[in-house]
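The next block holds one structure in the form of structure tokens; read it before the comments.
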């Protein structure tokens, strides 16, 4: 009796393992089947591992891609079904392991960093590796759990027994019925899980977070007017329009509208962030500027989709712990391409006469061969750093005019007040103006000899893109950084292209 119990327990555990992996395959396949215009093209075309040439070759032909997409979708479904209900288990397990191996080597986790790649993306041993190993085990173990295969084997054995004595026939019949029920329970289990997944998708939409599942809006992309121009900062060629990270991170300069940040976060779910980033890249925006805390999200997005978007990570010193390089190290671990000293921290360090921290941080970034930017809201911060010989590879400066309703009077503006205490007095700063002295900013930008990226060019939604983009570019910005919702991206790209084709009032030469 003890041996039977152990055997059944082993079968149950192996069955649950097999069903879990089978469901993963089956669900991924069904989602791709019903996803509009799904294709593995972007996954294959963006690979960068040591076998990238092979994957790029696979994506080079439309005919081959159609075959690959069909094999991907129905391969996942068939393998998943086989594993879940226990049909042709060895074949399904081997086929599944081979498919996972192809996925694994498309983006092999062999990078220089052991940390910071996000959940499921570890060094060498990631989720694909673990799942493939489990399938290899299932393929070669004698015991594969309950399922159709075991039921079929039992029936074959019963047929070989032939006739049995009357004393044992009733007992044998009961046993055979019990075995049948055990081995067939995977079928109603599949039905229940399928029903639950269907209801869930009706309520919440598709919830598989992979780049192969998320699709971009081709109708919006059809409205693009051309290719977005590029410039250069440091060693990086980047689009003149750079995506801002505020909306993705959920930060909103919203004056006194207290619900706006929560609204941003509710709208920009992880799925919506993926859609927005993929749409931006398809529209020609190849760079994003993010707050430090968004680094894991961007690392996860790039890993899941094979994206080559360049990430500019803002970094700040940890004054509490005294480790001024903590965020620099963290951003590099997450694969950031460019590091930029955060604007409000540049202002505060200059204000508090601690510019040596800025200099040390910039030196550390350059020691690692990375391009370094210096951001500020107050132009006085950049002027002071320039006087001290602290020159970055590029500046990032708030650049907008103040001809909009919520801008407070110039005579009431105070140096370094941005990101400071908000006032209840309507004539003083209240999260409403970010380029306090536009003319002084323009004077500095005009004479500097390194690229300049303008940000807050729309004064956090107070200025129309046609107006804000033109003002920034005409007054010397080489790039503009703008936070965008998905429905704003194509229009902003078109506006940028139109403006860059016609800039008669720009006096500063282009840097970068």
The chain - percent relative contact order, Cα under 8 Å, separation 6 or more: 13 percent
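Work out the FRET efficiency for residue 359 and residue 61 from their Cβ-Cβ distance, taking R0 = 56 Å, and round it to the nearest 0.05.
Details: r = 53 Å, r/R0 = 0.94.
Given R0 = 56 Å and the Cβ-Cβ separation, E is 0.60.
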Distance in Å, no decimals, from the C-alpha centre of the range 20-46 to the one of the range 218-247 is 28 Å
Specify the inter-centroid distance of the range 450-474 and the range 369-448, based on alpha-carbon positions, in whole Å. 13 Å
Residue separation times 0.36 nm, minus the C-alpha to C-alpha distance between residue 223 and residue 254: what's the value? 8.2 nm
Using a 10 Å cut-off on Cβ atoms, rank the peptides 91-98, 65-72, 360-367 from the highest mean neighbour count down. 91-98, 360-367, 65-72
Any chance you could give the angle, 0 to 90 degrees and rounded to 10, that helix 295-305 forms with the longest Cα principal axis of the chain? 50 degrees
Computed from these coordinates, which is Kirkwood radius over Cα pairs in Å: (1) 26.3; (2) 24.1; (3) 23.1? (1)
Relative packing of peptides 387-397, 436-446 - highest average C-beta neighbours within 10 Å first: 387-397, 436-446
Antiparallel bridges, percent of DSSP beta bridges restricted to the range 237-501 (to nearest 5): 5 percent
Longest principal axis of the chain (C-alpha) makes with the long axis of helix 62-85 (C-alpha) an angle, in degrees to the nearest 10, of 50 degrees
Relative contact order of the range 399-512: what whole-number percent is it, with Cα pairs under 8 angstrom and at least 6 residues apart? 27 percent
Given contacts defined as C-alpha pairs under 8 Å and at least six residues apart, what's the relative contact order of the range 237-501, whole-number percent? 20 percent
Determine the shape class of the range 237-501: with a ≥ b ≥ c the square roots of the Cα gyration tensor eigenvalues, call it rounded for a/c under 1.5, and otherwise prolate if a/b is greater than b/c, oblate otherwise. rounded
Multiplying the sequence separation of residue 141 and residue 54 by 0.36 nm and subtracting their Cα-Cα distance, what value in nm do you get? 28.1 nm
If r is the Cβ-Cβ distance from residue 193 to residue 387 and R0 is 51 Å, what FRET efficiency results, to the nearest 0.05? 0.15
For a protection proxy built on the mean count of beta-carbon atoms within 10 angstrom, sort 53-62, 227-236 highest first, please. 227-236, 53-62
Note the angle between two axes, namely the Cα long axis of helix 465-474 and the longest principal axis of the Cα atoms of the chain, as a number of degrees from 0 to 90, rounded to the nearest 10. 60 degrees
Which percent, nearest 5, of DSSP beta bridges in the chain are antiparallel? 15 percent
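The numbers here are math on the coordinates, done by the rules we state, and not lab data. What you see is a predicted model; the values in this text were computed from it and never measured. Because the Cβ atoms are built from the backbone with ideal geometry, glycine has one as well, and the counts that use them run over all protein chains shown.
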